[in-house]
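The structure appears below as structure tokens.
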Amino acid sequence: MTIKEYLKKFEEGDERALSKIITIIENGYEESKEILEYIGKRTGKAYRIGITGPQGSGKSTLIAKLAKRLLSKFKEIGIIACDPSSPFSFGALLGDRIRMNELFLEKGIFIRSMATRGSLNGLAYKTKEVADILDAFGKEIIIIETIGVGQVEVEISNLVDTTIVVFVPESGDGIQVLKAGLTEIGDIFVVNKSDRIGADILFYELKNLIEMSYQNSKWKPPVILTQAVNNYGIEELEKEIINHYNYLIENNLLEEKRKKAVIRELVNNFENEILKILWQSERVKKLFEKVVEEVWEKKITIEEGVKKLIKEVKYVK
Ligand SMILES: Nc1nc2c(ncn2[C@@H]2O[C@H](COP(=O)(O)OP(=O)(O)O)[C@@H](O)[C@H]2O)c(=O)[nH]1
Ligand SMILES: [Mg+2]
């Protein structure tokens with residue numbers, strides 16, 4: 001089939017065409033450009049939710065239960081599970097699939113696992129593009145699961161409208177949590193596995209920390225106790241997601257947030273492209289080698305070398 005034919009099937013709501021198109025984008029095939037052009041004009045309708053937190057904290061289980069609830073209000077839900085396993089180890093991937101298994105049979109739910117392959121931000125390469133594809137396909141809600149790996153999961157909050165940060169009693173004390181920078185990105189905080197010892201302590205510590213850090217902010221992120229396996233607290237989680245959505249809408253923040261994300265993406269891509277163009281230039285490459293030698297022989301300083309290189313930039317086409 002040609003790309004045009006795939007896109008036609010995609011438009012008709014064919015999930016196999018959807019899968020195929022995601023695969024093409026993930027692999028960065030030649031046809032990607034045509035697809036992204038098509039997709040790019042059709043996004044913006046879906047509401048995007050990100051769930052981040054340590055591996056094993058129950059994110060997939062939470063999503064499975066949440067998606068089931070959301071199905072009573074929305075017909076079309078897309079789930080992207082970013083997974084740390086390399087494409088060669090399907091162990092963890094299978095784990096997610098099994099936990100979300102009960103969802104596979106639900107009409108309107110589409111689940112895609114993506115390998116993060118050692119990326120630093122806990123997101124898989126092309127996660128944003130895949131979310132856009134699901135959006136264009138007609139999914140009303142898109143949930144993205146990522147592993148919280150430290151400071152860097154800030155990225156997820158740039159991709160979604162509502163960010164949920166999951167902790168478990170094993171996450172350690174609240175002070176450590178604050179240090180990890182996670183409290184800055186969450187719109188909603190969840191203490192899952194609240195059937196375990198230490199959940200209450202973590203819950204109150206977290207609540208205090210969040211109240212302090214968000215004193216001057218209009219949105220006060222709620223902290224919720226859940227037990228994903230027992231389906232406990234999911235209703236409250238759903239309620240808080242809707243609250244946050246309403247807050248964004250009522251304060252005209254949804255558009256603003258999304259526009260900021262567009263600007264960020266544009267800046268990133270622009271800068272990357274510029275660097276690529278510069279390093280592809282034979283003139284720059286030659287001059288660079290020369291400058292290295294001159295700096296090495298202490299004929300010029302690093303700063304002088306940089307100035308020489310900058311002068312060359314205007315000749316780059
Ligand atoms: N005790 C307890 N176990 C849970 C709870 N939620 C999830 N789990 C278990 O924790 C393990 C990891 O869950 P998973 O959803 O795969 O975590 P993820 O890596 O964050 O996606 C699984 O064995 C779940 O059954 C909970 O509320 N309490
Ligand atoms: Mg998972």
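Computed over the chain with a Gaussian network model linking Cα atoms closer than 10 Å, the most mobile of K20, K218, K259 is K218. Please say if segment 39-86 is rounded, prolate or oblate, where rounded means a/c under 1.5 for a ≥ b ≥ c the square roots of the C-alpha gyration tensor eigenvalues, and otherwise the choice is prolate for a/b larger than b/c and oblate otherwise? Taking the square roots of the gyration eigenvalues as a ≥ b ≥ c, segment 39-86 is oblate. In this structure, the amide hydrogen of Y232, modeled 1.01 Å from its nitrogen in the peptide plane, lies closer than 5 angstrom to those of Q227, counting only residues at least 5 positions away or on a different chain. If you take the alpha carbon atoms of segment 1-43 and fit the smallest convex hull around them, that volume is 68 Å³ per residue.
Quick check: pseudo-label points 7 Å beyond the Cα along Cα→Cβ at E293 and N208, how many nm apart are they? Here the answer is 6.5 nm between the modelled labels.
Label sites at N268 and Q55, each approximated as a point 7 angstrom past Cα along Cα to Cβ, lie 2.3 nm apart. In terms of packing, defined here as the mean over residues of other Cβ atoms within 10 angstrom, the peptides 65-72, 28-35 line up highest first as 65-72, 28-35. Counting only Cβ charges, +1 for Lys and Arg and -1 for Asp and Glu, the dipole size of the chain around its Cα centre is about 680 debye. Backbone geometry of segment 135-146 corresponds, through the Karplus equation with coefficients 6.51, -1.76 and 1.60 at θ = phi - 60°, to 3J(HN,Hα) couplings of 4, 5, 5, x, 5, 8, 10, 10, 10, 10, 9, 9 Hz, x marking Gly and Pro. Checking the Cα-Cα distances for K20/K276; K260/K311; K285/K314; K286/K314; K59/K239; K73/K126 against a 22 Å cut-off, the pairs over it are K20/K276; K260/K311; K73/K126.
Modelled spin-label separation between W279 and K314, with each label point placed 7 Å from Cα along the Cα-to-Cβ direction: 2.6 nm. Backbone amide hydrogens, once placed in the peptide plane, bring V191 within less than 5 Å of F167, I224, L225, T226, excluding anything fewer than 5 places away on its chain.
The C-alpha radius of gyration of the chain, expressed as a fraction of 2.2 N^0.38 Å, stands at 1.15. Annotation: the antiparallel percentage among DSSP beta bridges lying fully within the chain is about 5.
Comparing E273, E106, E256 in a Gaussian network model of the chain, where Cα atoms under 10 Å apart are tied by springs, the biggest mean-square fluctuation is seen for E273. The length gained by stretching the chain between N230 and K107 to full extension, at 0.36 nm per residue less their Cα-Cα distance, is 42.0 nm. For segment 263-313, what D do you get in µm² per second when you plug the Kirkwood radius from alpha-carbon pairs into Stokes-Einstein at 37 °C and 0.692 mPa s? In µm²/s, the coefficient is 274.
Of A46, A17, A199, the residue with the greatest mean-square motion in the GNM of the chain, using alpha carbon springs below 10 Å, is A17.
Every number in this text was worked out from the coordinates using simple rules, so none of it is lab data. Note that this is a predicted model, so its numbers are computed, not measured. Glycine gets a Cβ as well: all are built from the backbone with ideal geometry, and neighbour counts include every protein chain shown.
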